[in-house]
2 protein chains.
Amino acid sequence: MSLESQFKNLAIHGDVLSHAAPANNDEWATILAAASSASFELTKTLVFKPKTPKSQDPVPVVVIALNSSNTPSSIVAKAANAKDPRLANAELVAQFFNGIAPTDVGPLSVTAENATKIKVVLDAAIAGDALLAVRPSDASKTVFVKADDLVAYLNETGAEVVTVDFTAAPAAPAAPSAPKQAKTAASKDDGKIEGAALIGITVDKEIDFPGWYQQILTKGEMLDYYDVSGCYIMRPASYSIWEIIQEYFNERIKSIGVQNTYFPMFVSARVLEKEKDHIEGFAPEVAWVTKAGKSDLEEPIAIRPTSETVMYPYYAKWIRSHRDLPLKLNQWNSVVRWEFKHPQPFLRTREFLWQEGHTAHLTFEEANTEVLQILEWYESIYHDLLAVPVIRGKKTENEKFAGGHFTTTVEGYIPTTGRGIQGATSHCLGQNFSKMFNITVENPEGPEKPKLFAWQNSWGLSTRVIGVMVMVHSDNKGLVLPPRVAQIQTVVIPCGLTAKTSDEDRRAVKEGVLDIEHLLKKAGVRATSDIRDNYSPGWKFADWELRGVPLRIEYGPADHKKKQVVVVRRDNGEKTVVPLGENFVATIQELFETIQKDMFTKAKNSFDSHIKRVDTLEEFVPALNKKCVLLAPFCGGMECEDDIKDRTARQGQADGEEVDDKAPSMGAKSLCIPFEQPELKEGAKCVGCGEPAKFHTLFGRSY
Amino acid sequence: MSLESQFKNLAIHGDVLSHAAPANNDEWATILAAASSASFELTKTLVFKPKTPKSQDPVPVVVIALNSSNTPSSIVAKAANAKDPRLANAELVAQFFNGIAPTDVGPLSVTAENATKIKVVLDAAIAGDALLAVRPSDASKTVFVKADDLVAYLNETGAEVVTVDFTAAPAAPAAPSAPKQAKTAASKDDGKIEGAALIGITVDKEIDFPGWYQQILTKGEMLDYYDVSGCYIMRPASYSIWEIIQEYFNERIKSIGVQNTYFPMFVSARVLEKEKDHIEGFAPEVAWVTKAGKSDLEEPIAIRPTSETVMYPYYAKWIRSHRDLPLKLNQWNSVVRWEFKHPQPFLRTREFLWQEGHTAHLTFEEANTEVLQILEWYESIYHDLLAVPVIRGKKTENEKFAGGHFTTTVEGYIPTTGRGIQGATSHCLGQNFSKMFNITVENPEGPEKPKLFAWQNSWGLSTRVIGVMVMVHSDNKGLVLPPRVAQIQTVVIPCGLTAKTSDEDRRAVKEGVLDIEHLLKKAGVRATSDIRDNYSPGWKFADWELRGVPLRIEYGPADHKKKQVVVVRRDNGEKTVVPLGENFVATIQELFETIQKDMFTKAKNSFDSHIKRVDTLEEFVPALNKKCVLLAPFCGGMECEDDIKDRTARQGQADGEEVDDKAPSMGAKSLCIPFEQPELKEGAKCVGCGEPAKFHTLFGRSY
């Protein structure tokens, strides 16, 4: 059903204050103006998929509720008589709702066409004359409709509608930024800010984390959804972060002699499958090209999932003498892993950007030193650029890179879900690949001695880092970006201009704003100004907060007179007056450093306070449910690790604690064996099998 | 037949001085040392394909000759009784010779297995006891064999061997660099230089341009051949040039508000096919992914051949108000065009790197200004970075971008083949795509006025630029790189150290070399030094010349005493003494600028002197055969242009002038309508149809 006909349908059912396509700023401004006199309630629409035998078609459950209602899956399950409902993935949503994305589903996505194939669970709080803001079927649009009219519309579609009182649900935890919002709301432009901020991001980070994450990325213009499932568009706001990371990392790796290169994205089956352990890990996800134009290719050709097997035949060709070592190549490219699991922007996508370094060395010592050096730089990208704390360590045998010797990793932590996340990995491949690909050199001790196999490393960091950064820092008002990577570090906004302001003051403020922008730019600050006449300062504040700009500079007639500006930090809302003297630029730059440091410290404290030391497996699930990761003595055994995962998964299910609907597994996986180890108590036993422990290992639910 | 068994075979036939796998510098050095006492002759092996009716299988002709013999296809045709033989393409060679590349074919590629399917034409000069350097079947290896033994081997395979006296052939034109080689040979290290230089590049640019191009790229380590046909590896020596171009162009486009972004490489058939004219141009070359792991995809998904249709649905979504314009995005990515024509490194490859800019504007004027601005920057990349002259102009209707409004282009010229080559294009798409994709904005004059369609541009520059640069500048000694893009701008080499040199002098020279390197690096010069003990200075000279390093700095005990260095230019061999005083670094930097300018001027003179103004079609073919491009009055008609191409192609064939065996077409194509136009004579007639001419157009054979 087209958007137009949906509107017509609605119109039949009562008074409708409708407004088409408020996708951009201009139109939001108009809506806000229209809506500011009326009071309205935000709504949310979620699609759940019940557990369904493979032989049957699933019947999705569409939950339509006030945004303020807490809608746990347990209540949804009961109301819809649905087994184990989880948030539906993009493919299922697309299938039932005309190809749209989960974020685009709204009450009006329920139509006569799909009504018989779904169930609707309706929040009992949706009733009466209350004006509701709902999406038609595009997250970038909003219409306003009376609650009763919406109910009538839903019944008219023919869908099975069950009304449920969600107030019985436990209260949602207070959003961390709520007090700050209240504070901002107390400022001069409160009404508009509050409204804009709410309409910017309409779901709460703590209540619907996946929904929040989708909105924060799309509305913050970091990313857009794409019509090939599992692929996403990196918009300038996120790509510019990637460019900063590229520059930072390039400088470092080039200092140790790494050179950039580009190998083809295609790889023949024969070459791809050369290293057995390695390909086993990737085979199910490899995308195959089988046709060109209208011709079938003689042999299918794979798109690289990673380039070990693409590159190493040429390493064998190029490396003959020990003088050809070390060979250190890196490429910035995209790789394809056709995952069938639920895709997630930046974190799990079918095509993603990364760098992959591949080096060959004469000795293990040299290879090992490089592995650790690269890992340090990965840590530094997280700590020093993204203000995200990570823990360096080694992967267990279970989790190491298939076909490699050992894997080192930096592991991050997402406070909202309490899950660990692999940040980047630096592998020592040992001589395994060099033996497979015959990468050898003459023995430096003489040609009569046996040839030596090269020691190899590979290391990679992907655009996943951007997703981790967003998840850690951002809040209900939008993105929060660390100054060192923000595309725009500060925005200068003219303020305090009223109908009474003299033309002279108006001109002085406008000129001042541009002067400040110019001054900052000249000093290398990524600054901009917002002198658009058709927006109120409050609207602009909300808009730039949504985009995560670290520092807002306000400048009005009073500031002009006092030769000062008011600066407001995005991370904590703190307001300061800064004089426009000779130290102005330096003060702003110091502020950036302070923000950067504070953001890191806040995230670090959150991580540190959620690392729990445990000695028994019984403590696992209760701690995991408190969003902790666990540091436990471990034997290092592969079977023992599998066993820990199974047992904690089962225990978790028994406890009915499965709150996060997208967890690929609720069991505790090892994240890493941290380099920084607490002392192992004498006679310490492995938390899994009770055998003597070898070291502490970090366990957690993970992405 | 394996390499090992080939060697065994040879061994049966006589004394063999064999040396396996001299792929790298160390081993070449060993060979040279071994061979320096003996005298040996280089050989070449070429595979020709005669003109063959489609119903028949071709019988390749393998020509085995001394490297110094001139082997024109006319003599080959007569000897082998083969019609119109041309150098065989990679696919044919792979088919007959076990999958190897044309550059890898050697005499030993003729085996009992393929002997009956081919003909062999043998240079009569290959006879007697002379020691020959031949390739087994890998360009990176060389073996030495007596001429008679080779003849016996060939006869033994069972192949039809015709012996031909090539001395009857007209002498090959002197290679342009031959006098310079002679000059270098007169220097102290003559023997080794000469040998190394010859062994570096074994085919002459003027005689076998495609063979020379392959060697120059692979031996100069710019590129390697890859086991998926039409795909190549960009090694650091070429990728670093691409990085310099990226930095240069990014800085410029960002100054006009262009932002970088990344769209997925996959595109659904539905979206790809939205713009009919556009897709028609690309459809036969689109690669399709149809499988992931072992599952068939529901719908085949294309890999982008270009991103107009990938991006524009989102432009329609993002652009609502005129305030959202201009939207200027660019991406650095790879695209795939599965060409079935003969692939050529950098020039025509199935995957290639490029940037594609896509912008949307409110007015034609703004779009038009940008199209021309971008074209200027493209020109500047050629002129100011690559020292390659290009001509700016507009494409004719026949040659413009499918689905666009008009196309502007920079056109280059390859002196050795006399062909034009498209350098980069900047298209104004008009409103064609915005109408297809519904990219509209509200009319700034008011909502009651009709919506406006955006004016769009797209513009792209690919790694082809590197191929053009190599073809224009490089010579028979190897690559010649302009200093502004060379990965290594200068190399410092210790010289004049003999057995009599005192330890003190030896140490002083070595320290001096490192000091000079350090001094230059500190000033931002991309310098290196070559203090390897196991190579002679002469060997090093040849090695760095092969790699195209613009300036060599020689430093010996005498230089140490006089506080000076000797510098040698790669482009013209000029030697100068430069004092190591306070102006040293500045002098070197000036020299770079001089080299850069001289390289451009030389190439510009060559281009200019081959632009011939003609008024009749009869003058076309003789001028084309003199390696000219033609400036002729033209009506601009599409059919007339087709007609010119056909007629000049037919005339060329009748004249029997088809010397370049890989020309996709010998007809004259329009290259561009140059912006800089000579005055059109009164009553000037179109060179094709005799109707009134509208402008001058540049025609030529082209890539």
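The values are calculated or read from the model by the stated rules, or taken from the named source; none is laboratory data. Fair warning: this is a prediction, and the values are worked out from it, not measured in the lab. We place every Cβ from the backbone using ideal geometry, glycine too, and count neighbours over all the protein chains shown.
For the reader, a short list of remarks on this structure follows.
- When residues of the range B:647-685 are limited to those that are modelled with pLDDT of 95 or more and either within 26 Å of the chain's Cα centre (by Cα) or assigned to a strand (DSSP E or B) (or both), the one farthest from residue B:341 (Cα to Cα): B:685
- Reported count of residues in the range B:550-593, each being at pLDDT below 95 and crowded, with 21+ Cβ neighbours inside 10 Å, is 0.
- Restricting attention to the range A:313-326, the residues that are at the interface with chain B (Cβ under 7 Å from one of its Cβ atoms), touching a helix residue (DSSP H, G or I) at 6+ places or on another chain (Cβ under 8 Å) and either surrounded by fewer than 18 Cβ atoms within 10 Å (Cβ to Cβ) or not acidic (Asp, Glu) (or both) add up to 3.
- Of all the criteria given as (1) at pLDDT below 50; (2) more than 14 Å from chain B (Cβ to nearest Cβ); (3) in contact with a helix residue (DSSP H, G or I) (Cβ under 8 Å, 6 or more places away or on another chain), the one not satisfied by residue A:8 is (3).
- Total residues in the range B:215-249, condition away from chain A (no Cβ under 14 Å) and either surrounded by fewer than 22 Cβ atoms within 10 Å (Cβ to Cβ) or farther than 29 Å from residue A:254 by Cβ (or both): 2
- Of all the residues in the range A:616-651, those that are surrounded by 14 or more Cβ atoms within 10 Å (Cβ to Cβ) and within 15 Å of residue A:694 (Cα to Cα) number 9.
- With respect to the conditions (1) closer than 28 Å to residue A:235 by Cβ; (2) part of a strand (DSSP E or B); (3) of a type in the set (Gly, Ala, Ser), residue B:412 lacks only one, and its number is (1).
Residues checked against (1) more than 25 Å from the chain's Cα centre (by Cα); (2) under 30 Å from residue A:385 (Cβ atoms); (3) of a type outside the set (D, E, K, R):
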{"site": "A:252", "(1), (2), (3)": "yes, yes, no"}
{"site": "A:275", "(1), (2), (3)": "yes, no, no"}
{"site": "A:310", "(1), (2), (3)": "yes, yes, yes"}
{"site": "A:333", "(1), (2), (3)": "no, yes, yes"}
{"site": "A:337", "(1), (2), (3)": "no, yes, no"}
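- Hey, residue B:266 touching a strand residue (DSSP E or B) at 6+ places or on another chain (Cβ under 9 Å), of a type outside the set (Ser, Thr, Tyr) and farther than 22 Å from residue B:464 by Cβ or not: yes
- Under the condition of being surrounded by fewer than 16 Cβ atoms within 10 Å (Cβ to Cβ) and within 14 Å of residue A:537 (Cβ to Cβ), the residues counted in the range A:502-512 number 1.
- Of all the residues in the range B:289-302, those that are surrounded by 21 or more Cβ atoms within 10 Å (Cβ to Cβ) and within 7 Å of chain A (Cβ to nearest Cβ) number 3.
- Breaking point among (1) assigned to a helix (DSSP H, G or I); (2) touching a Pro at 6+ places or on another chain (Cβ under 7 Å); (3) not polar (S, T, N, Q), for residue A:496: (1)
- Of all the criteria given as (1) within 7 Å of chain B (Cβ to nearest Cβ); (2) in contact with a helix residue (DSSP H, G or I) (Cβ under 9 Å, 6 or more places away or on another chain); (3) surrounded by 18 or more Cβ atoms within 10 Å (Cβ to Cβ); (4) closer than 28 Å to residue B:269 by Cβ, the one not satisfied by residue A:310 is (1).
- Wholly enclosed strands (runs of 3 or more DSSP E) of the range B:153-240 bearing at least 3 residues over 17 Å from residue B:467 (Cβ atoms) and modelled with pLDDT under 95: B:160-164
- Matching residues, the range B:262-288, being among the hydroxyl-bearing types (Ser, Thr, Tyr) and either more than 7 Å from every other protein chain (Cβ to nearest Cβ) or surrounded by fewer than 21 Cβ atoms within 10 Å (Cβ to Cβ) (or both): B:268
- Residues that are out of contact with any helix residue (DSSP H, G or I) (no Cβ under 7 Å at 6 or more places or on another chain) and aromatic (Phe, Trp, Tyr) were ranked within the range B:252-289; the one that is farthest from residue A:233 (Cα to Cα) is B:282.
- Considering (1) more than 18 Å from residue A:592 (Cα to Cα); (2) assigned to a helix (DSSP H, G or I), the lone condition that residue A:521 does not fulfil carries the number (1).
- In summary, residue B:498 fulfils each of the numbered conditions (1) without any contact (Cβ under 8 Å) to a residue 24 or more places away in the chain; (2) in contact with a Lys or Arg (Cβ under 6 Å, 6 or more places away or on another chain) with the single exception of condition (2).
- Test: residue in the range B:331-342 that is under 26 Å from residue B:238 (Cα atoms), within 14 Å of chain A (Cβ to nearest Cβ) and of a type in the set (Val, Ile, Thr): yes
- Residue that is farthest from residue A:698 (Cα to Cα) [pool: residues in the range A:569-622 that are under 26 Å from the mean Cα position of the chain (by Cα) and of a type in the set (Gly, Ala, Ser)]: A:573
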